1. What area, in nm² and to one decimal, does the C-alpha convex hull of the protein assembly as shown cast on average over all directions?
2. For A:His23, place a label point 7 Å from Cα along the Cα-to-Cβ direction in every copy; what are the distances to the other copies, in nm, shortest first?
3. What number does chain B give for Rg over Rh if you use C-alpha atoms and the Kirkwood radius?
4. Excluding A:Asp26 itself, calculate the net charge of residues whose Cβ lies under 9 Å from the Cβ of A:Asp26, where each Lys or Arg counts +1 and each Asp or Glu counts -1.
5. Just list whichever of A:Lys51/B:Lys49; B:Lys6/B:Lys94; B:Lys17/B:Lys49 have alpha carbons separated by over 20 Å in the model shown.
6. Averaged across the residues of A:19-32, what count of C-beta atoms belonging to other chains lies within 10 Å of each residue's C-beta?
7. Connecting C-alpha atoms closer than 10 Å in a GNM of chain B, tell me which of B:Asn169, B:Asn50, B:Asn60 has the biggest fluctuation.
8. Can you give the average number of partner chain beta-carbon atoms within 10 Å of each beta-carbon in peptide B:39-46, as a whole number?
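The values are calculated or read from the model by the stated rules, or taken from the named source; none is laboratory data. Since the structure is predicted, the reported quantities are computational estimates derived from the model, not experimental observations. When we count neighbours, we look across all protein chains shown, and the Cβ atoms used for this are built from the backbone with ideal geometry, even at glycine. Note: accessible area is taken over every heavy atom of the protein model, side chains too, but ligands, DNA and RNA are not part of it. Shrake-Rupley method; radii C 1.70, N 1.55, O 1.52, S 1.80 Å.
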Protein chains: 2
Amino acid sequence: MARERKFTTRELFHAVKHLLLEHGYDAFHFGLMAERLEVSRASLYKYYKNKDELITALMNDEMDAFLVELAAVEQIEGFEAQYDRLVDLFFQKKDVLPLIQIARHMMQRMEADSQQQRQQLEQLPLAMYETLQRLIAQGKQAGVLKAHLPDSVMLGLLFQTIAVPNHYNIPHAEWVAAMKEVLGQGMFTAR
Amino acid sequence: MARERKFTTRELFHAVKHLLLEHGYDAFHFGLMAERLEVSRASLYKYYKNKDELITALMNDEMDAFLVELAAVEQIEGFEAQYDRLVDLFFQKKDVLPLIQIARHMMQRMEADSQQQRQQLEQLPLAMYETLQRLIAQGKQAGVLKAHLPDSVMLGLLFQTIAVPNHYNIPHAEWVAAMKEVLGQGMFTAR
DNA sequence: GTTTAAAGTGACACAAGTGTTACTTTGGTC
DNA sequence: GACCAAAGTAACACTTGTGTCACTTTAAAC
């Protein structure tokens, strides 16, 4: 019914995500987006009022995609296999943690202006935590995970694991295996 | 020989550190500093050419202080006691990790302009890594730490541990104990 | 081929931070 | 009390990003 768009929503999200990860929340701006998508800055304002709204949309999109993958993990039979797949998934989706941190940073920098977005952002990780806590509960039930450890310690550690920088470029498989071992059995020798 | 200063170097570093942690690298600026120290913005330029130079000075100061504490850990007898003190130290100095991340972010955003500062920043963590790797080596020597795990995995994980957000406000002692247990013996039950 | 409405744009006024300059203030020295 | 040098400042020109508006372009519908 009208003119053809110069970029798809998918291309737009792809651009936001990469520019955001490259430059960080504060240094990210509409000028970068316009350049990347080869459109004028003004045209972007037709779709999003400001960068917070744009980024919030991206976060929703990313979280939806992540939840789909998480649901697949939950379908796996047996906790050990689930755990294995979960860690692999986290390493495969390394971007999730920085994006979550950006979302937190963003909420800090938002005053009373747009409480609607704030609420939307706050609710974002809830569904994810629910699923993850269900998985942890299963692990404890199965007697695999130590029952006395708080869920949040295990989940938090699992999450931060993917943020450890591999400065020495240890091969990915070896790196992940080492991480799985430490999380599961620790760094100490059995004595 | 001249007029009295309105702030000490210590007050200045204290202000930089807190403003930096509160606002992040990009949102931190001389205006905030001036306001906090109750001086004019222009006067700060008498001491530091720009915010990168100011922040670099802070980083040096912080790292020096941290190295002193690390050296104390190295004096402790027996690896278990060293490990215990090290983890406590990390939790006590929670600010170190965000500051290091800010330093990394800063280096990314610096082009060829000031290579001198870049080099200074790059060398900052080296002495720290040296000490830490010496500690790890002692642990492996003593047969406490698994010899086949890469040092960087253990160190990296140790570092990230302090960044895990304690959303549910689990009491500090319990939280730290749980972290120590996972790092040492893992999340899995012994079978 | 005219109409219509969404897609896109250049240009403007505004806001906030930067770095420098010419200047004033202050307190010790002679 | 004159002077001097360090400490401090207001003000200016500049840069970069924001959000909006009046306008043009384009393709489908009729």
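1. 24.4
2. In ascending order, 2.0 nm.
3. On the way: Rg = 19.6 Å, Rh = 18.9 Å.
Ratio of gyration radius to Kirkwood radius for chain B: 1.04.
4. The answer is 0.
5. A:Lys51/B:Lys49; B:Lys6/B:Lys94
6. 2
7. Maximum among the listed residues: B:Asn169.
8. Numbers: counts 0, 0, 0, 0, 0, 0, 0, 0.
For peptide B:39-46, the averaged partner shielding equals 0.
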